[in-house]
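What follows is calculated from the coordinates using simple rules that are stated; it is not laboratory data. None of the values given here were measured: they were computed from a predicted structure. Positions of Cβ are generated from backbone atoms using ideal geometry, with glycine treated the same way; all protein chains shown enter the neighbour counts.
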Amino acid sequence: MKKAIHFGAGNIGRGFIGALFSESGYHVTFVDVANQVINKLNEEKGYQVKLAQSQEETIAITNVSGINNRTHENDVIEAIQQATYLTTAIGPNILPLIAPLIARGLAKRITATEDKLYVIACENQIGATDILKQHILDNLDEETKTQLEEKICFFNSAVDRIVPIQNQDSLDVLVEPYYEWVVETTEDIPPVTGMTIVKDLAPFIERKLFTVNTGHAVIAYLGYLAGKTTIDETLGDEEIVREVRATLKETGAYLIKQYKLDEAEHLAYIDKNIERFKNAYLNDGVTRVGRAPIRKLGPEDRLIRPATQAQKAGLPYTHLANAVAAALLFDYPEDEEAVEIQEMIREHGLAETLQKFSGLAEDSDVTKEVIRHYKVLQG
Ligand SMILES: NC(=O)C1=CN([C@@H]2O[C@H](COP(=O)(O)OP(=O)(O)OC[C@H]3O[C@@H](n4cnc5c(N)ncnc54)[C@H](O)[C@@H]3O)[C@@H](O)[C@H]2O)C=CC1
Ligand SMILES: O=P(O)(O)OC[C@H]1O[C@](O)(CO)[C@@H](O)[C@@H]1O
């Protein structure tokens, strides 16, 4: 049986990527630090993926097991020897932490087999696999690096499926029915059900990140400010729906210009995604979708990059600036990054905060527009 090793047995790991490998006839070894999940995977050897929709539909996932990478490093290295695919869905900030162990597994593998291994990071981040690859290379000597280039293939990808926080007592995962997994390669690679291959990922990942993720983030931050709990509840507020659509028209104008997209098709894509967000069966919390605001306010991420790109192209970005202001007001005390932003604003002010986390010059037009909106939202 073909094997895949997947880092991160969380929502996307079990509910999307691991599930697709299992459906494609692979044995999936999940690697995670969550002992409870790993033990359950080894005891139950399967779980259900439940579709968040009115009619009940579940998919049985079989042929799975788990390894705890904190306590069983050698087992992870062994599993890397056996795998055809190595994937991650672990969070962009965790990639540097798992890279040293992956590097050890790859160093052993390239001396033992000519078989190719395909590495794909499935994270909400532009160039996540390139970033993972760099962290892996940083842990290898020059000779191993050269051998690695011949035998290990690294492909960037875009992953799109909404998977909310789950009941932690069960391995079962509730997911939205829709999904898209786009992988960039020109090679012929072993087929995986549900994987779409493209030669150039840039338009796909930017379209996805700056529509699905920008839209979702706007709802989360405005919803949080309005005292809402879930995404669908927030979208019951027509004023917020208008603001989301206006923001996505701004990212859309940039995407249409940059990638020569068909305008009508892109507007339909925006509408489709707003409908996806309204799925009440997901019961998706604004604090999950708004999580990790420092990452979300990063220069290349879903709010800042479309704003700075729009500004450079002479396109409007005022609704994006409003979204950034709302993100700066996300003071959820259980989110470490939200707490850090609030401390930074208190101690150093807004302009310095945006300079530090978003790479914006303190006197830039985007910064000025964000500060203007911040004052309005703050009331
Ligand atoms: N949930 C969603 O709807 C979507 C999430 N994504 C992306 O997928 C990635 C994963 O997101 P989720 O599955 O929602 O997160 P999650 O929190 O459900 O899963 C992450 C898993 O990684 C594990 N982990 C954390 N640190 C680790 C370490 N050092 N070593 C091994 N395992 C570790 C955690 O225990 C957890 O099981 C993120 O990059 C996210 O942006 C992308 C599309 C949709
Ligand atoms: O997973 P992140 O990057 O924290 O952001 C949450 C976002 O990603 C998703 O999980 C889906 O791509 C959405 O639910 C949301 O837009």
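Numbers for the structure displayed
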read-out: The chain - charge dipole about Cα centre, Lys and Arg +1 at Cβ, Asp and Glu -1, debye rounded to 20; value: 260 debye
read-out: Among the listed pairs K151/K199; K50/K249; K2/K108, those beyond 31 Å (Cα-Cα); value: K50/K249
read-out: Anisotropy class of segment 223-283 from Cα gyration tensor, a/c 1.5 cut; value: prolate
read-out: Acute angle (nearest 10 degrees) that the helix 35-44 long axis makes with the longest principal axis of the chain, alpha-carbon atoms; value: 50 degrees
read-out: Using alpha-carbon coordinates, inclination of helix 142-151 to the longest axis of the chain, degrees; value: 90 degrees
read-out: Among V31, V212, V241, residue whose mean-square fluctuation peaks in a GNM of the chain (springs only between Cα atoms under 10 Å); value: V241
read-out: Reachable aspartates and glutamates, given that their alpha-carbon falls under 15 Å from the alpha-carbon of K296 and they are not under 8 places away in the same chain; value: E123, E206, D331, D335, E336, E337, E340
read-out: Sequence-distant lysines (8 or more away, or on other chains) whose Cα lies within less than 16 Å of K278; value: K228
read-out: ³J(HN,Hα) computed for each position of segment 284-295 - Karplus, 6.51 cos²θ - 1.76 cosθ + 1.60, integer Hz, glycine/proline x; value: 8, x, 5, 6, 6, 5, x, 3, 6, x, 5, 4
read-out: Integer Hz, Karplus 6.51/-1.76/1.60 couplings in order for segment 97-102, x for Gly and Pro; value: 6, 8, 4, x, 5, 4
read-out: Value of relative contact order over the chain, rounded to a whole percent, pairs C-alpha under 8 Å and six or more apart; value: 13 percent
read-out: Eligible aspartates and glutamates near K133 by straight Cα distance, threshold 13 Å, same-chain separation 8 or greater; value: E149
read-out: Approximate spin-label separation I274-N39, in nm, with each point projected 7 Å along Cα-to-Cβ; value: 4.7 nm
read-out: Burial ordering of I90, I38, fewest other beta-carbon atoms within 10 Å first; value: I38, I90
read-out: Highest-MSF residue in the chain out of A52, A321, A34 [GNM, Cα springs under 10 Å]; value: A34
read-out: The chain: angle of helix 336-358 to the longest principal axis, Cα-based, in degrees nearest 10; value: 60 degrees
read-out: Loop-located GluC sites (Glu not before Pro) in segment 271-355, at most 10 other Cβ atoms within 10 Å (DSSP); value: E334
read-out: Net lengthening on full extension, K145/K368 (0.36 nm per residue, minus Cα-Cα); value: 75.8 nm
read-out: Top of A128, A107, A264 by mean-square fluctuation, Gaussian network on the chain, Cα under 10 Å; value: A264
read-out: Separation in nanometres of the label points that stand 7 Å from Cα toward Cβ, at L377 and H72; value: 4.4 nm
read-out: R0 of 35 Å, Cβ-Cβ distance Q53-V339: FRET efficiency to nearest 0.05; value: 0.45
read-out: Chain lengthening between E347 and I94 when straightened (0.36 nm per residue, less Cα-Cα); value: 88.3 nm
read-out: Label-point separation in nm, K312 to E114, each point 7 Å along Cα→Cβ; value: 4.4 nm
read-out: Within the chain, helix-based [θ] at 222 nm, where runs of 4 or more DSSP H residues each add -39,500 (n - 2.57), nearest 500; value: -15000 deg cm²/dmol
